[in-house]
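All remarks here apply to the structure that follows.
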Amino acid sequence: MVEMRKITKEFPGILANDQVSLVVNKGEIHALLGENGAGKSTLMSVLTGLYRPDGGEIFIEGKRVEFSSPKDAVKKGIGMVHQHFKLVQPFTVAENIMLSIKELKQIYNLKEIERQIIGQSEAFGLSIDPKAKIWQLSVGEQQRVEIIKLLLLGAEFLILDEPTAVLTPQEAKALYTTLQKMAVSGKSIVIISHKMNEVMENTNSITVLRDGRSIGTVQTKTTNEKELAKMMVGRNISSTTGKTLSAKTDILMTLANVSALGDNGLLKLKNISMDIYKGEILGIAGVDGNGQKELAETVAGLRSAKQGAISFCGKDCTKSGRKKRINLGISYVPEDRMTTGLVTELNAYENVALKSYRKYPGPFISWDKVKHDSEQLIEKFDVRLASMSNPVKMMSGGNIQKLLLAREIESNPKLIIAVYPMRGLDIGATDYVRRLLIGESEKGITVLLISEDLEDILSMTDRIIVMHGGEIMGVVKPNETSREEIGLMMAGKRKVDLHEA
Amino acid sequence: MKRKLLGSWEIKKTNTSSGLKKVVISVTSIILGLIFAGLFVLLTGKNPLELYTEIVQSSVGSIYGLSETIVEMIPLALCSLGVSLAFRMQLWNIGAEGQFYMGAFGATYFALFFSGLPKLVLLPLMLLAGLICGGLWALIPALPKAFWNVNETISSLLLNYVAYLWIAYLVYGPWKDPKGNNFPLTKPFSDNGTIPVFGNTRISYALFLMFIIAVILFFILKHSKWGYEIRVSGSSRKAADYAGMSYIKNVLLVMFLSGSISGIAGMAEVSGVLHRLQQTISPGYGYTAILIALLARLNPISILLVSFLMGGLLVGGYSLQTSGFPSSMVSMFQGSILFFVLAGEMFNNYRLVRKKA
């Protein structure tokens, strides 16, 4: 049994874990459920010795332990499978596992290690060929290698971070069968997840985290998805934004049966059909990684549609790239502002020019004019910076986002795509960005707001589309829906199904 | 993580990096590099100070030495301007040497087979041929880079050997001078195919070309939209895509131009200095050019300055042979300097501070 008591971990400006307690019993599968940024990964990093807690205690089998490095945690039988596997691609399975064996002798017996691997894989149904090279394996098989590695290191307590995020449904099913076998044999397993249906089907108990605090631990048998959704996202809306709902019906942009591939070449956007109305704020809700980024890039013209048609202001623009979409009036505030939206090594006015440099006549840029325009922009949007000639990486996060928004709004767009525009900002900057986007929509500019924060989505938008697995689960109005309904759709329940039930 | 090595000091990242600090760091690095190389000279029993004095005297101590330094400076600076353009976009064009040889090849073709044309027609034709051949040679690694992201460092480097052997084939085979006593040389260019020189020095009018190209590059990078696209693409490809800049188009254009400037250098060498094509036309200008571009932080004007220094080092190296040293000693000096300059780079972004107790 592992117990964490009142763990507190603070990062500059963020209280990532606030007196979180967690008890995981022997032989159970325990889920750690929560939104992004709820503190799940931090808590597990404390348990695996990666972070030292600022407060609180850890007990294993009733004895108090302190870890000064991940090595100590491994010695106590705690192991973690990270989302990004730590394997050497050109090496074989056995060689990779050999690498993590600490007291390996100078002369070792690879055959013996291979035999042990086969032994472990047969015991828990983790079929794997110890002689296979890692790059030849599927993602699911690589995950099995990580699990076998932990087992051979003697892990009694396994933590898996979003283990099914990269798996196909069939692989996920096989994984849980394995995990259940391990639990039966007396091992404890913690699954970090935000997929409710999966957690409901496969775990014994669930601890929900929200905003760095533990909301509570429940037995899976005695709870339901609605209750969990409420625990995960339920909080009072502070309706300070003063957004008035409006029903717009003039179509600005249409996506018809659009599909697109993700960076890994798999289908991430599946048959998306939607209209974006002029002057509305359309919210896209969903758990991170369910196609929102791909949707934003496809609308912005950075990702080509594999099939389907896109039209803007009544004209087809399926084939037009980013440059043409910029000229059509599509502004884009990307999720990744430091490497995509801005060039951090360039200074403030050089970054302002990123959008406008083409408008200067002739082959040259008049930097005096750019500087002058930038000064006005910086004053109008109240961007605080030491000097316009400093690289923007020296600015604070909030001001960087303001500069980016200022540039994208000032180019007189018809549509602004904003992806997680408030992420990582402090309360003041968050409020500013909210008001700014609402203000723009009141001026008749359309906003496509992609966010995982339901509070933002509910308080700012006119309509909400919920995505899951690259598909649209349903379209709702903020005044006619509930957090529970959206939460269930985010977890993969279609709106039509919900209302039949 | 304890860094016992540093004792009570620790390395801190800094954001500020003033112009003066950069200059001080560069100069200090070069001096340390020379001291380090001097240790090896000491091992041979010679006084490194004498050796350095010798290098300085032979390269800039006389009008003749100075003029020879400028002769070496021209191909160095041109090749370096070429690679620096590609480096701006984080394209690691290591193929300036091959592009230089191919530029010489293109120019020689016209010099040999159109030798009867008037100077004012033939020279521009040779320049154009050198430019296009060098550019196309750089385009060979650029195409797979642009379309399939094939590493251009290796492909551009390997093409150097292809270019070198292609010239070898020509000067040993079809282009060999029948009256050349079987040496691997072409016949000398007609007067119409040679660039005039200043007075009785070996400095050709290609010097003007060097200055013009440096200034044009400076303005392109600083003030043009295209130069801005290159800088953005070099810093972050994602940001370039985001701003609607065509990465593929820019890779091809930048690599072509980069190669064509080295091609011009090759043309200037055969037409302005050697007046014929031969097996070896470069003591590694294309490689030294990379070092110069890095030392000059890709700034076209600094490149001229550093090229002059490196040209002097080359000329000094030739004179070392009379003191019993191989001229390749200079490569060791260059290597030592580069080592310290790259190590010194760290101090632009980091600084050593005393730990607080």
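The values are calculated or read from the model by the stated rules, or taken from the named source; none is laboratory data. Bear in mind that the values here come from a model prediction, so they are computed numbers and not experimental data. Ideal geometry is used to build each Cβ from the backbone, glycine not excepted, and the neighbour counts take in all protein chains shown.
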Flag for A:G154 being closer than 23 Å to A:I189 by Cα, surrounded by fewer than 18 Cβ atoms within 10 Å (Cβ to Cβ) and either touching a strand residue (DSSP E or B) at 6+ places or on another chain (Cβ under 8 Å) or in contact (Cβ under 8 Å) with a residue 60 or more places away in the chain (or both): yes
Out of B:A289, B:A240, B:A293, B:A265, sole residue that is within 14 Å of chain A (Cβ to nearest Cβ), of a type outside the set (S, T, Y) and crowded, with 24+ Cβ neighbours inside 10 Å: B:A240
Single condition B:V251 does not satisfy, out of (1) more than 14 Å from chain A (Cβ to nearest Cβ); (2) surrounded by fewer than 20 Cβ atoms within 10 Å (Cβ to Cβ); (3) part of a helix (DSSP H, G or I): (2)
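Going through B:T186, B:T201, B:T153 one at a time, which residue ends up being in contact with an Asp or Glu (Cβ under 6 Å, 6 or more places away or on another chain) and in contact (Cβ under 8 Å) with a residue 12 or more places away in the chain?
That would be B:T186, the only listed residue that is in contact with an Asp or Glu (Cβ under 6 Å, 6 or more places away or on another chain) and in contact (Cβ under 8 Å) with a residue 12 or more places away in the chain.
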Conditions (1) modelled with pLDDT under 90; (2) within 11 Å of chain B (Cβ to nearest Cβ); (3) not in a helix (DSSP H, G or I); number of the one not met by A:T339: (3)
Evaluation of B:L159 against (1) in a loop (DSSP other than H, G, I, E, B); (2) at negative phi (one fails), failing number: (1)
Any hit, the range B:216-225, residues being within 12 Å of another protein chain (Cβ to nearest Cβ), surrounded by 22 or more Cβ atoms within 10 Å (Cβ to Cβ), touching a strand residue (DSSP E or B) at 6+ places or on another chain (Cβ under 8 Å) and not aliphatic (A, V, I, L, M): no
Top-ranked residue in the range B:70-112 [being outside any helix (DSSP H, G or I) and not polar (S, T, N, Q); ranked as farthest from B:R276 (Cα to Cα)]: B:M89
Test: A:K248 is surrounded by 18 or more Cβ atoms within 10 Å (Cβ to Cβ), away from every other protein chain (no Cβ under 13 Å), in contact with a Lys or Arg (Cβ under 7 Å, 6 or more places away or on another chain) and over 29 Å from A:V352 (Cβ atoms): yes
Count - residues of the range A:116-148 that are more than 12 Å from A:L179 (Cα to Cα) and in a loop (DSSP other than H, G, I, E, B): 8
Residue satisfying condition, being within 14 Å of another protein chain (Cβ to nearest Cβ), hydroxyl-bearing (S, T, Y) and touching a residue at least 12 places away in the same chain (Cβ under 8 Å), within set A:S411, A:S441: A:S411
Selection count where residues are surrounded by 20 or more Cβ atoms within 10 Å (Cβ to Cβ), in contact with a helix residue (DSSP H, G or I) (Cβ under 7 Å, 6 or more places away or on another chain) and not in a helix (DSSP H, G or I), scope the range A:192-232: 6
Checklist (1) touching a strand residue (DSSP E or B) at 6+ places or on another chain (Cβ under 6 Å); (2) touching a residue at least 60 places away in the same chain (Cβ under 8 Å) applied to B:I248, failing item: (1)
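Under the condition of being in a helix (DSSP H, G or I) and not polar (S, T, N, Q), which residue from the range B:58-69 is surrounded by the fewest Cβ atoms within 10 Å (Cβ to Cβ)?
Step one: filter the range B:58-69 for residues in a helix (DSSP H, G or I), giving B:58-60, B:63-69.
In the following step, the residues that additionally are not polar (S, T, N, Q) were identified as B:60, B:63-66, B:68.
Numbers: B:V60: 18, B:I63: 9, B:Y64: 13, B:G65: 18, B:L66: 18, B:E68: 24.
Taking the candidates together, the pick is B:I63.
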Residues located in the range A:324-333, provided they are touching a residue at least 12 places away in the same chain (Cβ under 8 Å) and facing another protein chain (nearest Cβ under 10 Å): A:K324, A:R325, A:I326, A:Y332
Complete set of residues in the range A:251-270 that are more than 25 Å from A:A491 (Cβ to Cβ) and modelled with pLDDT of 90 or more: A:I251, A:L252, A:M253, A:T254, A:A256
Positions within the range A:99-124 being over 22 Å from A:V139 (Cβ atoms) and among the aliphatic types (A, V, I, L, M), in sequence order: A:I101, A:L104, A:I107, A:L110, A:I113, A:A123
Every residue from the range A:359-390 that is facing chain B (nearest Cβ under 8 Å) and either crowded, with 17+ Cβ neighbours inside 10 Å or of a type in the set (A, V, I, L, M, F, W, C) (or both): A:F364, A:I365, A:W367
